[in-house]
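One structure is given below, encoded as structure tokens.
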Amino acid sequence: FLRAAERQRAAATRWQRPGVRVALALAILLLLITLAAQALWQFRNALLAVHPPAAPLLRSFCDLAGCSLEPWKRIDALAVETSSLIQAGSGNNYKLGIQLQNKAGYALALPWVDLSLTDASGALVARRMLKPADFNLSKTSIAAQSEESLQLVFSTDKLKVSGYSVVIFHP
């Protein structure tokens with residue numbers, strides 16, 4: 001039992017040695033820096049939207065980390081205020097109009113639109129995912145507390161459309 005007690009005392013004093021303490025402190029510091037870098041990587045777009053003066057720091061971080069800064073994607077802060085689908089000209093040409101509203105206090109990324117077209121019986125005729133570039137917009141974000149109008153003219157060839165639905169999302 002004396003040998004076991006001696007081993008326990010030696011193991012307890014091992015953690016008290018200055019070299020071991022320095023190594024542990026350096027390991028903790030390295031892990032905290034890694035955690036901060038990972039959090040900055042994960043929340044860089046949100047931080048840029050909420051705190052724009054951090055842009056130079058985030059740009060230099062992304063230069064080192066190989067990431068890019070984009071508008072924040074928060075679909076819960078965007079709403080479709082109105083939408084319309086009207087016949088444009090003759091044939092099966094249609095004009096889709098969507099009025100988006102940003103309810104947040106900062107700029108957000110423009111969403112994609114899931115457009116579903118139905119016939120007179122309610123059966124799905126066509127479905128398409130439309131990216132913001134499909135609406136010929138020069139910007140990728142919607143300003144804080146503002147509205148944005150999206151318009152698109154398209155043809156369904158021989159398909160006759162009676163109804164539609166739009167849903168916004170971020171891929």
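Quick notes on this one:
- Each of the trypsin sites (Lys or Arg not before Pro) that DSSP puts in a loop and that has at most 12 other Cβ atoms within 10 Å breaks the chain; the longest unbroken stretch is 1-138.
- Inverse mean reciprocal Cα-Cα distance (Kirkwood Rh) of the stretch 4-160, Å: 20.5
- For the chain, the residue among Leu48, Ile86, Pro18 whose Cα projects farthest onto the positive side of the dipole built from Cβ charges is Pro18.
- With at most 14 neighbouring Cβ atoms within 10 Å, loop chymotrypsin sites (Phe, Trp or Tyr not before Pro) (DSSP) excluded, longest segment of the chain: 44-171
- Reduced Cα scattering model of the stretch 1-89, Debye log10 I(q)/I(0), q = 0.13, 0.15 Å⁻¹: -0.71, -0.78
- For Ala107, the residues 5 or more places off, or on other chains, whose built amide H falls under 5 Å of its own are Ala144.
- Long-range HN-HN contacts of Tyr164 with modeled amide H, under 5 Å: Thr118
- For the stretch 22-171, the relative contact order is 24 percent, taking Cα pairs closer than 8 Å that sit 6 or more residues apart in sequence and dividing their mean separation by the residue count.
- Heavy-atom surface analysis with a 1.4 Å probe gives the chain a carbon and sulfur content of 60 percent of its accessible area.
- Helical content alone sets the calculated 222 nm signal of the chain at -10500 deg cm²/dmol, taking -39,500 (n - 2.57) per DSSP H segment of four or more residues and averaging over every residue.
- Computed magnitude of the charge dipole of the chain (debye, nearest 20; Cβ of K, R +1, Cβ of D, E -1): 1120
- Positive minus negative residues near Leu24 (Lys, Arg vs Asp, Glu; Cβ under 14 Å): +3
- Relative contact order for the stretch 1-78: 20 percent, from Cα pairs under 8 Å spaced at least 6 residues apart, divided by residue count.
- Computed from backbone phi, the HN-Hα couplings of the stretch 22-32 come to 5, 4, 5, 5, 5, 5, 5, 4, 4, 5, 5 Hz, rounded to whole numbers (Karplus: 6.51 cos²θ - 1.76 cosθ + 1.60, θ = phi - 60°; Gly and Pro given as x).
- ³J(HN,Hα) computed for each position of the stretch 136-149 - Karplus, 6.51 cos²θ - 1.76 cosθ + 1.60, integer Hz, glycine/proline x: 6, 9, 8, 10, 10, 9, 10, 5, 4, 6, 9, 10, 9, 9
- Computed from backbone phi with θ = phi - 60° and the Karplus coefficients 6.51, -1.76 and 1.60, the 3J(HN,Hα) list for the stretch 52-66 is x, x, 7, 4, x, 5, 5, 5, 5, 4, 5, 4, 6, 8, x Hz; x is used for glycine and proline.
- Probe 1.4 Å, accessible area per residue of the stretch 1-80, Å²: 78
The values are calculated or read from the model by the stated rules, or taken from the named source; none is laboratory data. Note that the structure is predicted; figures quoted are calculated from it, not measured. A quick note on method: Cβ atoms are made from the backbone with ideal geometry, for glycine too, and the neighbour counts reach across all protein chains shown. Please note that ligands, DNA and RNA were not included when accessible areas were found on the heavy atoms of the full protein model with its side chains. Shrake-Rupley method; radii C 1.70, N 1.55, O 1.52, S 1.80 Å.
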